[in-house]
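Worksheet: one structure, shown below.
The values are calculated or read from the model by the stated rules, or taken from the named source; none is laboratory data. Just so it is clear, the model here is predicted, and its values are computed rather than measured. Virtual Cβ from ideal backbone geometry, glycine too; neighbours counted across all protein chains shown.
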Ligand SMILES: [Zn+2]
């Protein structure tokens, strides 16, 4: 028997939890979803992410290694809202009926989440916009993590009813830790309420709203559209007039234009990965926000002091 199990493990066919149950194989598109699946499922799940945390989740190359992961999955969890336009062909190629759209093993984590910037009326792809169904970066509001964890727990219970109590306990422990951390983050960010910032891509409306920052403009004129010289000039003008001193950007874009704009406006470029594992020390979902809050608070303190001393000179 031991020999058979060893062979099965070697083949990657079955992985066992410490409770002796076969682990559910969960594939997530992003590391944020993987972190939440692991927090809820603990050792009854074996989770893998298709996209590493340092990569832009909008643009992913459909490599055979990704198809291989999907072939073995019992559950697929995606961000949805068309963030993963690259995913449907991979699902087709994987030929795994468990995870196709509509199957019990296919979870769209945007379900039940309040999505920001949902367009009214018809969507128009011709404008090159990649946020066609609303802003897909909703995992960047830590409170949305609660809804994602609830959907994940539901899916895990559906596929592994024997583990229902285990998943429910995992979800509750995650929510408790999240709520405690939320109080800490809100306290740290409270002094900066109403501060205007610029972001490169429109990844941060959820995070900004939760912590009271105001996104006043973007380096990209539209999500997915690179900045034109005219757009850069108007951004510089806007930042000078509004004394906006923070440009928040994702690590997977070129920092050439943000650095140039920062030089001309006296702003600081803050590079933060929007996903778990993209920056060192951010292996869990809560670690991600610890990192964001620490880095943003430090930058807001530095630039805030400068703006205040400039204002007193002007008076
Ligand atoms: Zn986006």
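Just a few scattered comments:
- Out of 80, 53, sole residue that is surrounded by 14 or more Cβ atoms within 10 Å (Cβ to Cβ), out of contact with any strand residue (DSSP E or B) (no Cβ under 7 Å at 6 or more places or on another chain) and assigned by TED's automatic domain parsing to the domain that holds residue 32: 53
- Residue that is nearest to the ligand (Cβ to nearest atom), among those in the stretch 222-242 that are part of a loop (DSSP other than H, G, I, E, B), under 26 Å from residue 141 (Cα atoms) and touching a residue at least 24 places away in the same chain (Cβ under 8 Å): 223
- Every residue from the stretch 47-81 that is assigned to a loop (DSSP other than H, G, I, E, B), touching a residue at least 40 places away in the same chain (Cβ under 8 Å), away from the ligand (no atom under 16 Å from the Cβ) and farther than 24 Å from residue 147 by Cβ: 52, 72
- Whichever residue in the stretch 261-297 is in a strand (DSSP E or B) and touching a residue at least 24 places away in the same chain (Cβ under 8 Å) and, among such residues, is surrounded by the most Cβ atoms within 10 Å (Cβ to Cβ): 270
- Filtered by the rule that a residue be in contact (Cβ under 8 Å) with a residue 24 or more places away in the chain and surrounded by 14 or more Cβ atoms within 10 Å (Cβ to Cβ), the stretch 98-107 gives 98, 99, 105, 106, 107.
- Of 188, 207, all but one fail to be closer than 17 Å to residue 291 by Cα and within 16 Å of the ligand (Cβ to nearest atom); the exception is 207.
- Of all residue pairs spaced 6 or more apart or on separate chains, those with beta-carbon atoms under 7 Å, a first member in the stretch 134-152 that is farther than 19 Å from residue 118 by Cβ and part of a helix (DSSP H, G or I) and a second member that is within 16 Å of the ligand (Cβ to nearest atom) and modelled with pLDDT of 95 or more are 145/139.
- Some residue of the stretch 108-118 being modelled with pLDDT of 95 or more and outside any loop (DSSP other than H, G, I, E, B): yes
- Residue 130 vs. criteria within 16 Å of the ligand (Cβ to nearest atom), assigned to a loop (DSSP other than H, G, I, E, B), closer than 19 Å to residue 218 by Cα and in the same structural domain as residue 70 (by TED's automatic domain parsing): yes
- Test: residue in the stretch 36-46 that is surrounded by fewer than 24 Cβ atoms within 10 Å (Cβ to Cβ), part of a strand (DSSP E or B), modelled with pLDDT of 95 or more and away from the ligand (no atom under 16 Å from the Cβ): yes
- Selection within the stretch 191-201 - buried (at least 20 other Cβ atoms within 10 Å of the Cβ) and either more than 13 Å from the ligand (Cβ to nearest atom) or in a loop (DSSP other than H, G, I, E, B) (or both): 195, 197, 198, 200, 201
- Within the option set 219, 123, being farther than 22 Å from residue 273 by Cα and within 16 Å of the ligand (Cβ to nearest atom) holds for one residue only, 123.
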